[in-house]
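Enquirer: What follows is a structure written as structure tokens; I'll ask about it next.
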Amino acid sequence: MIGTRPEAIKLAPVAHALANRGLHPTLILTGQHPRLDPAGFGLAAFAAELLHCPGWEDPHRHVGAVVDAIRSRLANPPDLLVVQGDTSSALGGALAAVARGVPVAHVEAGLRTHDPLLPWPEEEYRTAIDSHADILFAPTPTAAANLASERVRGEVHVTGNTSIDALLAVEATLPTARLRRSKLPRLLVTAHRRESWGEGLRSIAAGIHELAAGAEIHFVLHPNSHVAATMRDVLGGSRNIRLLEPCSHGELIAHMRRADLILSDSGGIQEESPALGIPLLVLREKTERPEGIADGSAILVGTSSERIVAEARRVLAEPAALAQMRRRSFPYGDGKAATRIADIIADWLERQIAAAVTNARMSPGHPANW
């Protein structure tokens, strides 16, 4: 089940790993991000079902639209539905599967802030998916511990995050970074979280505007028109700030590798920055990915312009702190998560077949029991 760009990035390695095991998945494309092209994520060879359910500003409505579309259009239920993360597409797919008696596998299970409003609605959605899933692929031991404390009914496996599989594959295709001419530190910034819309985004932008006095800033705009309009309004034409249009995953990784410091509220960037060895300031009040904070690769700074400026200047001014954050580390996975997931799914399916055969043989109607 794929509805958004991050889902495509993180599920592409799983699709290929399953195919390598002889299990060729069909993609269900919800249309949540309408311009999402499977070919751009290496998924062109896979069969696909199109639901044509573009995202709503109210995510709950989109969940309902996905459920209705699956019920009406998918005549042959799959043996297993694989969903990823915490989107309305993932929840809609999981709920539709449960209603039809289809088992659910959840990639990136167990992430928690333990606050239903941060992030909203993602915390609510991923908790609901985990409560229904038959197989839960936790990226880290911390995520698995969250699931254990909730006593979920499904099998829990620690696999690493497939975002690292995707990152390493992209990085291997990129050329060596070119030398920079500017002596100013380069900051890469992204911001889009729904809970920051309004004052949060404007506070982030104010901090970026102040940092631009002594830094070269590349701000990658988000496809969401509300977010992009806010940032253009506050930062457009500002000195040392370059606003970049939304870009591909490969282009974003290239931008990240050229940065001295990243400021972002993106979950994917929280996973990727430590693996690239790029210091990160997390523009959230709470994060469901605490491993990077504990690892020393990232600092949680929230949306306060004052704290954003203070922490960015402190990190850039302290060589020892910067060097510590620049070491490559892998708190979210080793790049082999998709293979582990495919192996677990193959084993699970074999066990389901064996159980079905055993139950059939025990049935009073089986010839062996006549």
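The values are calculated or read from the model by the stated rules, or taken from the named source; none is laboratory data. The structure displayed is predicted, hence computed values, not measured ones. Note that we place each Cβ from the backbone using ideal geometry, even for glycine, and neighbour counts take in every protein chain shown.
For every residue, the table says whether it meets (1) over 20 Å from the mean Cα position of the chain (by Cα); (2) not β-branched (Val, Ile, Thr).
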| position | (1), (2) |
| --- | --- |
| Lys183 | yes, yes |
| Trp197 | no, yes |
| Ile204 | yes, no |
| Gly207 | yes, yes |
| Ala213 | yes, yes |
| Val220 | no, no |
| Asn224 | no, yes |
| Val227 | no, no |
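Enquirer: Got at least one residue in the range 99-122 being assigned to a helix (DSSP H, G or I) and buried (at least 24 other Cβ atoms within 10 Å of the Cβ)?
Expert: Within the range 99-122, one or more residues are assigned to a helix (DSSP H, G or I) and buried (at least 24 other Cβ atoms within 10 Å of the Cβ).
Enquirer: Evaluate the following for Glu49: is it free of Cβ contacts under 8 Å to residues at least 40 places away in the same chain and part of a strand (DSSP E or B)?
Expert: Values: free of Cβ contacts under 8 Å to residues at least 40 places away in the same chain: yes; part of a strand (DSSP E or B): yes.
Yes, satisfied.
Enquirer: Here's another thing I want to ask about it. May I ask you to list pairs of residues, at least six apart or on different chains, whose Cβ atoms are under 9 Å apart, with the first in the range 344-363 being modelled with pLDDT under 90 and the second being surrounded by 10 or more Cβ atoms within 10 Å (Cβ to Cβ)?
Expert: Ala360/His366
Enquirer: Could you tell me which residue of the range 229-245 is nearest to Pro34 (Cα to Cα), considering only residues that are surrounded by fewer than 15 Cβ atoms within 10 Å (Cβ to Cβ) and more than 23 Å from the chain's Cα centre (by Cα)?
Expert: Ala229
Enquirer: Sticking with this one: So, of the residues in the range 23-34 that are in contact (Cβ under 8 Å) with a residue 40 or more places away in the chain and assigned to a loop (DSSP other than H, G, I, E, B), which turns out to be surrounded by the fewest Cβ atoms within 10 Å (Cβ to Cβ)?
Expert: Thr26
Enquirer: Cβ-Cβ distance below 7 Å, separation of 6 or more or different chains: which pairs start in the range 131-156 with a residue that is in the same structural domain as Ala90 (by TED's automatic domain parsing) and closer than 19 Å to Gly101 by Cβ and end on one that is of a type in the set (Ser, Thr, Tyr) and surrounded by fewer than 18 Cβ atoms within 10 Å (Cβ to Cβ)?
Expert: Val152/Ser131
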